Structures are given as structure tokens and as C-alpha cells.
Amino acid sequence: LRKNPDIWDSWQPRYSATLHPLQLAILTRGLQLLKPGGLLLYSTCSFSPVENEAVVAAALRHCSGVELEDVHGTLPPLRTAAGLSRWRVTAGEDGCGVGSWEEADEERRLHWRLQPSLFAPTAAEA
């Protein structure tokens with residue numbers, strides 16, 4: 001959004017769901033190319049947890065041998081902040097959201113093209 005400030009006038013939170021698969025593909029490919037013991041820093045230009053935390057959670061689910069590592073203070077002067085552990089995914093014309101895959105009925109899942117990977121990890125996964 002910094003590179004294209006005019007997008008603020010038309011951007012909607014639901015657009016993040018359309019970028020989620022691309023972001024996940026980019027991160028997954030980066031992990032596939034990573035040498036054993038290597039470090040990959042994932043960063044986006046988005047504020048949306050659907051493009052950030054949800055992508056990282058999905059990659060951790062699907063890529064074996066990958067660990068999430070806290071780099072706070074390790075890579076100065078990189079500014080870091082704790083990620084979100086819960087968020088709502090837009091699933092209504094009015095901007096209303098759902099907090100979990102189970103919370104979304106079949107009609108919403110189909111209409112809004114919801115995927116389980118858009119949502120926060122369950123307590124068992126975290």
C-alpha cells in the first residue's frame with residue numbers, strides 16, 4: 001500500500017483472502033529452496049493476518065522440518081512485534097467476519113471462497 005497509496009480508497013479486507021494462496025506459494029517455495037539449517041525471513045507489505053500469520057501457520061502445517069523462530073533482538077535493526085493469535089476473516093458484504101472455519105456455514109464458505117488455512121491455528125496446533 002505504501003507503493004500504491006491510491007489503493008486505500010478501494011481496498012477491502014476481503015481482498016486478503018484472494019492473496020493468501022499466492023503468499024503461501026511464495027513462502028512454501030522459499031522454504032523448499034532453503035538449505036538445511038538456513039533462515040528464511042517472511043515479510044509482507046500487508047497488515048492483514050490472513051496474508052501474514054495465517055500464511056506462516058499454513059506453511060508450518062504443511063512443511064515438515066520447519067520451525068518458527070523468534071528473531072527479536074537477533075537481527076538488529078529489524079523491528080519486530082508479536083504476531084496475532086486470533087483474527088476474523090471477512091465473510092459478509094457488511095464486512096462482518098468469522099473467527100474459525102467451523103463458525104462459517106457452507107453458504108459463506110462457498111460464496112466467500114473461504115479455506116481452512118485463512119483462520120488462526122487451533123489451540124492444539126499452536
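Rg and Dmax of the stretch 31-85, using alpha carbons, in Å: what are they?
In order Rg, Dmax, the Cα atoms of the stretch 31-85 give 11.9, 31 Å.
Go ahead and estimate [θ] at 222 nm for the chain from helices alone: -39,500 (n - 2.57) per DSSP H run with n ≥ 4, summed, over the residue count, rounded to 500.
-8500 deg cm²/dmol
Any idea which of GLY37, THR90, PRO21 is furthest toward the positive side of the dipole for the chain, if Lys and Arg beta-carbons carry +1 and Asp and Glu beta-carbons -1?
It is GLY37, whose Cα lies furthest towards the positive end.
Could you give each residue of the stretch 20-27 its phi-based ³J(HN,Hα) in whole Hz, using Karplus coefficients 6.51, -1.76, 1.60 with θ = phi - 60°, and x for Gly or Pro?
3, x, 5, 4, 5, 5, 5, 5
What's the carbon and sulfur percent of the stretch 59-126's accessible surface, probe 1.4 angstrom, rounded to a whole number?
Taking all protein chains in place, the stretch 59-126 shows 52 percent carbon and sulfur surface.
Tell me, what is the FRET efficiency for ASP70 and LEU22 to the nearest 0.05, using R0 = 35 angstrom and their Cβ-Cβ distance as r?
Result of the calculation: an efficiency of 0.85.
For a Förster distance of 22 Å, can you work out the FRET efficiency between the beta-carbons of LEU34 and GLU125, rounded to the nearest 0.05?
With R0 = 22 Å, the Cβ-Cβ based efficiency is 0.50.
Using +1 on the beta carbon of Lys and Arg, -1 on that of Asp and Glu, and nothing else charged, what's the dipole of the chain about the Cα centre, debye to 20?
For this selection, approximately 480 debye.
Using Cα-Cα distances under 8 Å and only pairs 6 or more residues apart, what relative contact order does the chain have, in percent?
With pairs under 8 Å counted, the relative contact order is 26 percent.
Relative to the compact-globule scaling 2.2 N^0.38 Å, provide the ratio for the alpha-carbon radius of gyration of the chain.
1.13
Per residue Cα convex hull volume for the stretch 1-66, in cubic angstrom?
Here the figure is 86 Å³ per residue.
The values are calculated or read from the model by the stated rules, or taken from the named source; none is laboratory data. Bear in mind the structure is a predicted one, so any value in this text is a computation, not a measurement. Virtual Cβ from ideal backbone geometry, glycine too; neighbours counted across all protein chains shown. The protein model used for the area step is the full one, side chains on, heavy atoms only, and it has no ligands, DNA or RNA in it. Shrake-Rupley method; radii C 1.70, N 1.55, O 1.52, S 1.80 Å.
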